[in-house]
Amino acid sequence: MTAPPAPRRLARAEFDRRDAAPRAADRAFGDGTYRRRVLVRLDGDRAWGELEDDFHHFRVAIRHDGSTVTEVVGSGLRSPWTTCLEAGEPLTALRGTTLVTGPGALSHLDARQNCTHMFDLAGLIVTHAARGRDGDRIYDISVDDPAAGTGERSARLWRDGTLVLDWRLDGRVVLSPADWVDAPLWNGFIPWAARELDAETGEAAVALRRACDIAIGRQGDLDLFATAADLQHGMSGICHSFQPAIAPVAIRNIGSGRDFTDHEDLLLADFDQRDG
């Protein structure tokens, strides 16, 4: 049997063109992989980072005085809805946040008033700054589309190139490994992780659990919805753009989706162009 041809390699600039980039909506669901990369960097009193996946590319930068956040700026380079780019404003509530490690670092703030992904990124930047180790931390995440007929999927997270989490899921149920089977992934997971796991494992686990939810977005085509309000069933109030007053004016950014299944090397490939 002849092997299928390898996917054509794309340069980052070509991948960013809407007429050239592969889209998850153009691939049969069940035949691909959701990928996310988070890169955070610390240099003295500055810490910043970016998150990129099929649907999002956000950036957050903070300054700190050694114990608390003194400045914060959130911005978007690619977003599903126009109003996502306004979510840097609610993120300013991070000012005064104590630099601590662990998945509950931002638990004193209302995540639903923020862009979910900008908020999650900010949490990883705060914990990286709290550790005080100048340099980078990189999270690479993959979540396979569910296998046809079973609904089973693999979800993995690498931290700085080392595989640290490898879950087998059936829908929202963890099948393996055994020590994760009873983890309440969708029922109070963040406080559970803060209580039961060491700080670094908890941070990674929350990042992977989030990706398991977002990966399901690959099964549809968001370009079919004019506004977030058209997609509000079961999602009202979950984040900044889905707040009832905002959703009707959250216009779809047509063509903003990507498919990184075969192009994981392009995730944040241009990060250093925006260094600092």
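The values are calculated or read from the model by the stated rules, or taken from the named source; none is laboratory data. This is a predicted model, so every value here is computed, not measured. As a convention, Cβ positions derive from the backbone with ideal geometry for all residues, glycine included, and neighbour counts pool all protein chains shown.
How many residues are buried (at least 20 other Cβ atoms within 10 Å of the Cβ) and not in a helix (DSSP H, G or I) if we restrict to the range 69-123?
Going through the range 69-123 one residue at a time, the tally reaches 16.
Which condition does P146 not pass, out of (1) free of Cβ contacts under 8 Å to residues at least 40 places away in the same chain; (2) part of a loop (DSSP other than H, G, I, E, B); (3) under 24 Å from T261 (Cα atoms), if it passes all the others?
Only one criterion in (1) free of Cβ contacts under 8 Å to residues at least 40 places away in the same chain; (2) part of a loop (DSSP other than H, G, I, E, B); (3) under 24 Å from T261 (Cα atoms) is unmet by P146, namely (1).
What tally of residues in the range 42-62 results from selecting those that are in a strand (DSSP E or B) and either among the small types (G, A, S) or farther than 20 Å from C115 by Cβ (or both)?
Number satisfying all stated conditions: 6.
Of all residues in the range 204-231, how many are closer than 26 Å to G123 by Cα and out of contact with any Gly (no Cβ under 7 Å at 6 or more places or on another chain)? So that I can check it myself, show each step before the final result.
The first filter runs over the range 204-231 and keeps only residues closer than 26 Å to G123 by Cα, leaving 204-218, 228.
Still in the list and also out of contact with any Gly (no Cβ under 7 Å at 6 or more places or on another chain): 204-217, 228.
Count: 15.
Which of the residues belonging to the range 243-255 are buried (at least 21 other Cβ atoms within 10 Å of the Cβ) and part of a helix (DSSP H, G or I)?
Hit for the range 243-255 is A247, nothing else.
Considering each of I141, I190, I216 in turn, give the residue that is assigned to a helix (DSSP H, G or I) and in contact with a helix residue (DSSP H, G or I) (Cβ under 9 Å, 6 or more places away or on another chain).
On inspection, the qualifying residue turns out to be I190.
If you check V206 against the conditions, is it among the β-branched types (V, I, T), outside any strand (DSSP E or B) and modelled with pLDDT of 95 or more?
Numbers: among the β-branched types (V, I, T): yes; outside any strand (DSSP E or B): yes; modelled with pLDDT of 95 or more: yes.
For V206, the condition - among the β-branched types (V, I, T), outside any strand (DSSP E or B) and modelled with pLDDT of 95 or more - is met.
Restricted to the range 219-235, and to residues that are part of a loop (DSSP other than H, G, I, E, B) and out of contact with any helix residue (DSSP H, G or I) (no Cβ under 6 Å at 6 or more places or on another chain), which residue is nearest to S142 (Cα to Cα)? Talk me through it step by step, then tell me what you get.
Filtering the range 219-235 for residues part of a loop (DSSP other than H, G, I, E, B) gives 220-221, 225-226, 232-235.
Restricting the remaining residues to those that are out of contact with any helix residue (DSSP H, G or I) (no Cβ under 6 Å at 6 or more places or on another chain) gives 220, 226, 233-234.
Values: G220: 18, A226: 29, H233: 27, G234: 25 Å.
The extreme case among them is G220.
Filtering the range 59-87 down to residues that are over 19 Å from the mean Cα position of the chain (by Cα) and among the charged types (D, E, K, R), which residue is farthest from D221 (Cα to Cα)? Show your work before the answer.
Residues of the range 59-87 that are over 19 Å from the mean Cα position of the chain (by Cα), as a first pass: 63-71.
Applying the additional criterion that residues be among the charged types (D, E, K, R) yields 63, 65, 71.
On the way: R63: 38, D65: 44, E71: 37 Å.
The extreme case among them is D65.
Quick one: which residue in T116, T68, T98, T33 is within 30 Å of P244 (Cα to Cα) and of a type in the set (V, I, T)?
Result of the check over T116, T68, T98, T33: T116.
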